[in-house]
1. If you check every pair at least six apart or on different chains, which have Cβ atoms under 8 Å apart with a residue in the stretch 232-243 that is of a type in the set (D, E) first and a residue that is part of a loop (DSSP other than H, G, I, E, B) second?
2. Where residues in the stretch 139-156 are modelled with pLDDT under 85, among the hydroxyl-bearing types (S, T, Y) and part of a helix (DSSP H, G or I), which of them is surrounded by the most Cβ atoms within 10 Å (Cβ to Cβ)?
3. Which of (1) surrounded by 14 or more Cβ atoms within 10 Å (Cβ to Cβ); (2) out of contact with any Lys or Arg (no Cβ under 6 Å at 6 or more places or on another chain); (3) modelled with pLDDT under 90 is the odd one out, the single condition M207 does not satisfy?
4. The conditions are (1) surrounded by 15 or more Cβ atoms within 10 Å (Cβ to Cβ); (2) at pLDDT 90 or above; (3) within 25 Å of F92 (Cα to Cα), and R44 fails exactly one of them. Which is it?
5. Being of a type in the set (F, W, Y) and more than 29 Å from the chain's Cα centre (by Cα) is the filter here; which residues of the stretch 37-66 pass it?
6. If you go through the stretch 67-77, how many residues are at pLDDT below 90, under 28 Å from the mean Cα position of the chain (by Cα) and not aliphatic (A, V, I, L, M)?
7. Select from the stretch 108-132 the residues that are modelled with pLDDT of 85 or more and exposed (fewer than 13 other Cβ atoms within 10 Å of the Cβ) and write down the one among them that is farthest from K181 (Cα to Cα).
Amino acid sequence: MVRHSQRNGMLTGLADNLIQHGVAILQYADDTIICLKENLKNARNIKILLYLYELMSSLKINFSKSEVIILNGDEQKSLQYANLFNCQIGAFPLKYLGVPVGPSRLHVKDWAMLEEKNEKKLAIWKGKSLSIAGRTTLINSSLPNSSIYHMSMYLLPKTTTDKLDKQRRTFFWQGGGQKRKHHLVRWENINKSKKHGGLGIKNIRKMNISLICKWWWKLEAEEGLWQSIVKRKYMQNETVGSVKHRLDDSPVWCDLLKVKHVYLKGRAFSVKNGRNTSLWTDVWIRNKPLCYLYPILFYLCCEKNICV
């Protein structure tokens, strides 16, 4: 109903300059975000649609649990829209599917809930009643799952990942007790796989970087709403190897650019028509980019961003 209203000019979503009619609704399970350009007529139309949905489906929308958030708006406008929808006035960062979302970079305090979840799983009685082998099993099977979804969306601050690792180290050696015990082996060695002499406990920072790198693969290998917006806003006919940081980049895109070099090391290109493959910076003909194999030619080349 929302998308049909967009096509008929009743609603205008966000990012309409990047994608036709803009993005008006994000829906997953029972979590819904409705995005509209600041316009009272649009807001009244969406309110009518919501009432029609209630009549058709016999389901009741709980407006008292919903929130209205205005981007770059004043308090009076927020109050006006909140009264229209009978909603509360929300603020960033909001939570969508349990993950904090905001237009600016998230702070360390916004990730405190991951540390709290970690502490709950590392209960004292569990540590005292388990051997080191049992603690290893608990860390490997349970602890990463509490934060893996968050790590797949954001590059966590190093302060947060260090705290999470400190909690795991303390639990591993002390078992949740207050008495301090000596760490007999470096944590970096414990993080190694069993083939290389470690216990296979994953390094949270490396795991976070790996999960973020997957978005680069999704950008190149898959098609969808996110890919369309990113390619039009940030790529602008550039390849993954040649795209660079700009001042107006969003915090999430900045995080992706920080791990791009890791992704580029581990991939090889299927050239096809060559339009999306950088001649100099992509791995397409040898095991390294041509800019590394022939640095003098690359320095002399006038068109460094040319495609194959």
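The values are calculated or read from the model by the stated rules, or taken from the named source; none is laboratory data. In this text the structure is predicted, and so the values were computed from the model without any measurement. Glycine also receives a Cβ, built like all others from the backbone with ideal geometry; neighbour counts cover every protein chain displayed.
1. Every condition considered, the pairs that remain are E238/N305.
2. Here the answer is S147.
3. Looking at each condition in turn, M207 falls short on (3).
4. Tallying (1) surrounded by 15 or more Cβ atoms within 10 Å (Cβ to Cβ); (2) at pLDDT 90 or above; (3) within 25 Å of F92 (Cα to Cα), R44 fails exactly one: (1).
5. Y51, Y53
6. Residues flagged as at pLDDT below 90, under 28 Å from the mean Cα position of the chain (by Cα) and not aliphatic (A, V, I, L, M) within the stretch 67-77 amount to 2.
7. K109
Quick grid of which residues meet (1) among the basic types (K, R); (2) under 15 Å from L138 (Cα atoms); (3) assigned to a loop (DSSP other than H, G, I, E, B); (4) in the same structural domain as K120 (by TED's automatic domain parsing):
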{"position": "T170", "(1), (2), (3), (4)": "no, yes, no, yes"}
{"position": "W173", "(1), (2), (3), (4)": "no, yes, no, yes"}
{"position": "H182", "(1), (2), (3), (4)": "no, no, yes, yes"}
{"position": "K195", "(1), (2), (3), (4)": "yes, no, no, yes"}
